[in-house]
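The values are calculated or read from the model by the stated rules, or taken from the named source; none is laboratory data. Treat the numbers as computed from the prediction; the structure is a model and nothing was measured. So basically every Cβ, Gly included, is an ideal-geometry build from the backbone, and we count neighbours across all protein chains shown. Note: accessible area is taken over every heavy atom of the protein model, side chains too, but ligands, DNA and RNA are not part of it. Shrake-Rupley method; radii C 1.70, N 1.55, O 1.52, S 1.80 Å.
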Amino acid sequence: FSTEAKLVADFDDHLGSLHDVVDVIAQQPFQNGGTATDRALRFVREQLLLPSAAAGKRDGVTPTVITVTDGEPGALPSDVQRRVDQLLVLGSELYAVGAGDLVSDGTLEVLGPDGVFRVDRVQDLSNLVYGASFDEALVVM
């Protein structure tokens, strides 16, 4: 996401492995623009996680939301927190990945109450999957 969120694959498209999901993400062009984190979280809730969403969510499976960002949200912190809270009410696990130094620890903690990861550059995101396990990359804040 950037200014607008879009669905590039739903849960029915790529169930093979985490590597398959990363490959789909890596094929997406970098989007310059704002950091509409609140809109992206709303999109995830409405299009992927609510019972009315038809994107392949399975009953009995804990939803996991991983927010990857290279900057601070453009929305008010209270708007972002409200969207996070709405996902938590649905029983979601929330993780955040910060790429670069333009996103604060505080923002990542809000977006990722279940875990925060950091990489130096956007180009290093694949290292979280291919170069190390998530357990090794987890930053406890």
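Results, tabulated for the structure shown:
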read-out: Accessible surface, the stretch 59-124, averaged per residue in Å² (probe 1.4 Å); value: 52
read-out: Net charge of Cβ neighbours under 12 Å - reference ARG121; Lys, Arg +1; Asp, Glu -1; value: -3
read-out: Packing-based order for 34-46, 58-70, using average beta carbon neighbours within 10 Å, highest first; value: 34-46, 58-70
read-out: Fraction of alpha-carbon pairs over 13 Å apart in the stretch 54-126 - percent; value: 66
read-out: Neighbourhood charge, 12 Å Cβ-Cβ cut-off, centred on GLN81 and excluding it, Lys, Arg +1 and Asp, Glu -1; value: -2
read-out: Environment charge of ILE66, counting only residues whose C-beta is closer than 12 Å and scoring Lys/Arg +1, Asp/Glu -1; value: -2
read-out: Nearest-0.05 FRET efficiency for ASP124 and ARG82, computed from C-beta distance (R0 41 Å); value: 0.85
read-out: Karplus-derived 3J(HN,Hα), 6.51/-1.76/1.60, for each residue of the stretch 87-92, Hz, glycine and proline x; value: 6, 5, 4, 7, x, 6
read-out: In the stretch 66-126, the trypsin sites (Lys or Arg not before Pro) that fall in loop regions by DSSP, at most 13 other Cβ within 10 Å; value: ARG121
read-out: Placed amide H near ALA75: partners under 5 Å, 5+ positions off or other chain; value: THR37, ASP38
